[in-house]
Amino acid sequence: MKTLLALILLSVASVSFASDTCSYVIKDRYGYEYETHTRLSYNQQAACSDADYACRVAISDGQRNGKYMDAYCEQKSVITPNRPPLPPTSTTMCTTDLVDYYGGIVRSFAGYGNTQWEACNQSEQFCNYELSRDTSRGWRCVTRNGNYPNPYPQPRPPRDTTETCKASRFDPAGYYIQSYIQSYTGPYGSDVKGEACRRAYQQCSYEIRGRQTCRIEG
């Protein structure tokens, strides 16, 4: 009796924890299969969602290295007799690039859909998900124009810039005595000019005698 009860409980547990698998394969337009991604989950839909995502990420990673440029993901299904294979549902590709502050490509994400809008919406979702993991670097997502396969490279602004500033010393009556010029090099976009002027004014201030004054003259 105990043995029978144990078998029943084991059967119930097996049903409760039963999982489904699903596979997606990377294929090119000629039907050549590159690699297959299989995932296991609590039901068929969840397993296929995970396998599809893994397949698309693999295509994006491959495209960074010049691979899979005309490839797409297709679900591998068990074909029943007298039933023709299903055509791929994803026919249009769109690419969204994760770019840094200077316009350089950090990573590219490929999306697929029945329309250009669906494909670009998916690639932008992939990119925005990656972007949300670190918002402190000034990165952004840029979707490529369909008329041009790659809008990059773009000219990058210089990482550093140099500014010069002059401070002049005057006597109490306002007559010019001497000028002091300082230059400063710093990160592009920071207050480089202000730092150069601060240094010029500081040098001028060291030479002040009595009621003399210093003025910034640009």
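The values are calculated or read from the model by the stated rules, or taken from the named source; none is laboratory data. In this text, all values refer to a predicted model and were calculated from it rather than measured experimentally. Virtual Cβ from ideal backbone geometry, glycine too; neighbours counted across all protein chains shown. Just so you know, the surface numbers come from the protein's heavy atoms only, side chains and all, with ligands and any DNA or RNA stripped out. Shrake-Rupley method; radii C 1.70, N 1.55, O 1.52, S 1.80 Å.
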Test result for residue 166, open to solvent by 60 Å² or more (accessible area, probe 1.4 Å) and modelled with pLDDT of 90 or more: yes
Residue selected from segment 159-218 under the condition among the small types (Gly, Ala, Ser) and part of a helix (DSSP H, G or I), by the criterion farthest from residue 102 (Cα to Cα): 205
Does segment 82-90 contain at least one residue that is out of contact with any strand residue (DSSP E or B) (no Cβ under 6 Å at 6 or more places or on another chain) and at pLDDT 80 or above? no
Those residues that are over 21 Å from residue 49 (Cα atoms), among the small types (Gly, Ala, Ser) and either modelled with pLDDT of 80 or more or surrounded by fewer than 16 Cβ atoms within 10 Å (Cβ to Cβ) (or both), I need them from segment 96-125; list them, please. 104
Among the residues of segment 54-81 satisfying the criterion of being under 25 Å from residue 41 (Cβ atoms), modelled with pLDDT under 80 and aliphatic (A, V, I, L, M), which is nearest to the chain's Cα centre (by Cα)? 78
Taking the residues in segment 126-163 that are closer than 19 Å to residue 61 by Cα and hydroxyl-bearing (Ser, Thr, Tyr) as candidates, determine which candidate is modelled with the highest pLDDT. 143
